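Asks: One structure, pasted below without further comment.
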Amino acid sequence: MQQKSNKTPWQIWIDTGGTFTDCLAKDPEGKLHRAKVLSTSALRGMVTEQIELRQLRIAEKWGVPANFVQGFRFSLLDKTHDEVLVAKYDAEKSILVLNKPLNFDISANTAFEVCATEEAPILAARIVTKTLPQKPLPNINMRLATTRGTNALLERKGVPTALFITRGFGDLLRIGTQQRPDIFALEIIKPEPLYEVVVEVDERLN
């Protein structure tokens, strides 16, 4: 459990998109930090040398402390193989040690990724604060945004949605601005609304 502290908290702003999760953070001293991870909670890198079957020299731009990715699932992007985990990572020497051999040679400049078990926003927060996965995060004020919900609406995927709006304005989005792509068209075909049901709510009076 995270302990309460009087120390100025980190300020962290995160946006999770369909592909990437972007993180901007301000530490207690006011310095800015940035991180970008895949929204699948993965970090990508390149194998530069296979030292031995379980030991790889890699190139990465993660900016994480030693053993940060310990326990992460390791996957080559161009090959299918059994599940392999990261046993150890020496950040200074850029050497990644796997928990078991892959039993085949890996050529230089082979792309790979390591995937965390935590959600992408938490992974990004750990990167900017340099907090190992097994350690509690420092005191944080986090603001989280996502375009996943927007994408799901636009692609008409996911569960049915409802529109909550001030009473009397239930048809506002159907009316829109009355703009038409073809002003002289006699048959106007409008797209179906993104919501399934409208809930009109009494607005606050005070």
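The values are calculated or read from the model by the stated rules, or taken from the named source; none is laboratory data. The shown structure was predicted, so the numbers you read here are calculated from the model rather than taken from an experiment. Reconstructed Cβ throughout: ideal geometry from the backbone, glycine too, with neighbour counts over all protein chains shown. Side chains included, ligands, DNA and RNA excluded: accessible areas come from the protein's heavy atoms. Shrake-Rupley method; radii C 1.70, N 1.55, O 1.52, S 1.80 Å.
Asks: For residues that are among the basic types (Lys, Arg) and free of Cβ contacts under 8 Å to residues at least 60 places away in the same chain, scanning just the range 37-76, find the one that is most open to solvent (accessible area, probe 1.4 Å).
Replies: Checked the range 37-76; the qualifying residue most open to solvent (accessible area, probe 1.4 Å) is Lys61.
Asks: Give me a count of the residues in the range 166-183 that are in a loop (DSSP other than H, G, I, E, B) and closer than 30 Å to Arg204 by Cβ.
Replies: Qualifying residue count, the range 166-183: 8.
Asks: Now for a different question. Taking the range 153-170 as the region of interest, how many residues are in contact (Cβ under 8 Å) with a residue 24 or more places away in the chain and among the charged types (D, E, K, R)?
Replies: Number of matching residues: 2.
Asks: How many residues, within the range 148-206, are farther than 27 Å from Thr16 by Cβ and among the hydroxyl-bearing types (Ser, Thr, Tyr)?
Replies: Qualifying residue count, the range 148-206: 2.
Asks: What's the number of the condition Leu163 fails, among (1) more than 28 Å from Ala152 (Cβ to Cβ); (2) in a strand (DSSP E or B)?
Replies: With (1) more than 28 Å from Ala152 (Cβ to Cβ); (2) in a strand (DSSP E or B) applied to Leu163, the lone miss is (1).
Asks: Testing Glu29 on (1) in contact with a strand residue (DSSP E or B) (Cβ under 7 Å, 6 or more places away or on another chain); (2) open to solvent by 60 Å² or more (accessible area, probe 1.4 Å); (3) assigned to a loop (DSSP other than H, G, I, E, B), one condition comes back false. Which one is that?
Replies: The one condition Glu29 does not meet is (1).
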